[in-house]
Amino acid sequence: MSKIAVVTAVSAGALFVSPSAIDAAELMRYGQQSDDVKELQIVLKEQGYFNDHRATGYFGQLTLSAVRSFQADHQLAVDGIVGPKTLTKLHGDSQNEEPSFPNLNQPIELLQNGSSGEKVIALQVELKQLGYFNSRIDGFFGRITRDAVVRFQRSHGLSADGIVGPKTKQQIAIAIGTEAIPEEVAPPYEPEETLTESNLSYGHTGERVSELQQLLKDHGYYQGAITGVFGPATERAVHALQAENGLAVDGIAGPDTMNWLQGNEAVDPDSDFAYGIGDTGPVVQNIQLYLRDLGYLEDYATGEFDEATQDALQAFQRANNLEVTGVANKATIDRLEEVHVLPGEAEEPPPERPDVEERQELIYLASTLVGTPFVFGGTTPDGFDASGFVYYVYSQKGHSIPRTIRNQYEASSPVERPNVGDLVFFDTSGGPTYVGMYVGNQTFVHASQSQGVIVSSLEQSYWNERFIEARTIISQ
């Protein structure tokens, strides 16, 4: 099959570009397989019509249903065939409006159950910084990561499907401030006049803040160091607690927030859990999706744990030498994640990731320090400057690294493409004068003078304009 909208349409950066190209397009219909179908599935998925795990490029029953639904919603002939009229509607009703579709020269990459690699590491670090991810950073998108994504999506008004697509990525970027004022020129915080003496909020310091951080940590909302400084990480932890527990979401630790912290039991990270008949929610839906992909459940995932789900789960438990209870406890869910693969991926070997354990250990340690305040010349969790932060993290993991930015630059080797844990250098006042650690997905963790240890985007204009290069001290 030849390319739809002719080859020039793709080279122009979008699938649907002009009426003349649309008129010349070939029809797409059931049974076809091509890159054009894959691009169609991406656009339908963005508009909420195509709900499969990934864009496969095969025009099958799911794509047919998605096209028919789109046609019905837009008063088109419901024939399941993608021709000029359907393409025009997908493109948009106005020829003068900028298309809302992504640049298809840069295909959308979704992060979801089963994903792995440096982009998942970056996601986990960002979610940890925002207070939604409270587990070990391992670069694997499993149940815990999915639950963290769902919580973030719910608290930000997104569709809570546990899949990280463009909208969720954009909202995460906004939430961690990568599209806000650069850290070096951020205005100082001025407390609101309405705050009472008993409230704790951004900018406060002291023993009471340390007690708040410990309570937040005990309940699984805060993962940083106990610094006694109410900074961005503490504020995000308070936000997350309030959003998940029906409190006013203002980031201020007032009487209601403190009463909740002091009146509820702390989280035991090793405690068991179970899902059974009558339970509902995204975790149940995820269990159903796993059972479906493994052939134990029919093609539906309602999010309601019913008898069909129980029967399917019992069959899975029986086949995997687990206690046959029909209840999804930790052992059963762990086994589901262990054996689950997405349809069509069973024979694809996992990608090789050199030095993955060593690099993940570095980033995990760095992520636990998010929220630590900036201290000029600091090299301990009481406070860091830029090179002191890098020096501390690498030294704690057995790496010999110089103390100053200039010497760190000279002791490292340039790399064409940064890997997780590599150093990224910036020219802020002549030559390499600022440094951070690459987290993945075009983000890095660093000790900012105005906000302490944070995660920022290399694509933010402030950093992009000052970026020199990435370098490594880890043996390849």
10 Å binning of all Cα-Cα separations within the range 274-339, expressed as whole percents from 0 upward: 25, 65, 10
message: Which of the three applies to the range 356-472, rounded, prolate or oblate, going by the alpha-carbon gyration tensor with a ≥ b ≥ c and a/c under 1.5 meaning rounded?
response: rounded
- request: Rank by packing, highest mean first: peptides 254-263, 62-71, 322-331, with packing defined as the count of other Cβ atoms within 10 Å averaged across residues.
  value: 62-71, 322-331, 254-263
query: Peptides 459-468, 157-166, 208-217: what's the order by average Cβ count within 10 Å, highest mean first?
result: 208-217, 157-166, 459-468
- line: Taking Lys and Arg as +1 and Asp and Glu as -1, residues besides D79 with C-beta under 11 Å from its C-beta add up to +3
task: Give, in nm to one decimal, the length gained when the segment between K330 and E410 is fully stretched (0.36 nm per residue of separation minus the Cα-Cα distance).
output: 24.0 nm
statement: Violations at 24 Å Cα threshold for listed pairs K167/K397; K85/K169; K119/K167; K45/K169 -> K167/K397; K85/K169
- request: Report, by chain and number, residues whose modeled amide H sits under 5 Å from the one on G452, excluding near sequence neighbours (fewer than 5 apart, same chain).
  value: F374
query: How much length, in nm to one decimal, is gained on full extension between L110 and S400, taken as 0.36 nm per residue of separation minus their Cα-Cα distance?
result: 100.7 nm
query: By the scheme Lys and Arg +1, Asp and Glu -1, what is the net charge of all other residues having a beta-carbon under 13 Å from that of Y132?
result: +2
task: Give the peptides 397-408, 368-379 in descending order of average Cβ contacts within 10 Å, highest first.
output: 368-379, 397-408
query: Can you work out ³J(HN,Hα) from phi for every residue in the range 388-396, in order, using Karplus 6.51 cos²θ - 1.76 cosθ + 1.60 and θ = phi - 60°, giving whole Hz and x for Gly and Pro?
result: x, 5, 4, 4, 5, 4, 5, 5, 5
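Since every read-out is calculated from the coordinates, none of them should be taken as a lab result. Worth saying up front: this structure is predicted, and the values here are computed from it rather than measured. Backbone-built Cβ (ideal geometry, glycine too); neighbour counts: all protein chains shown.
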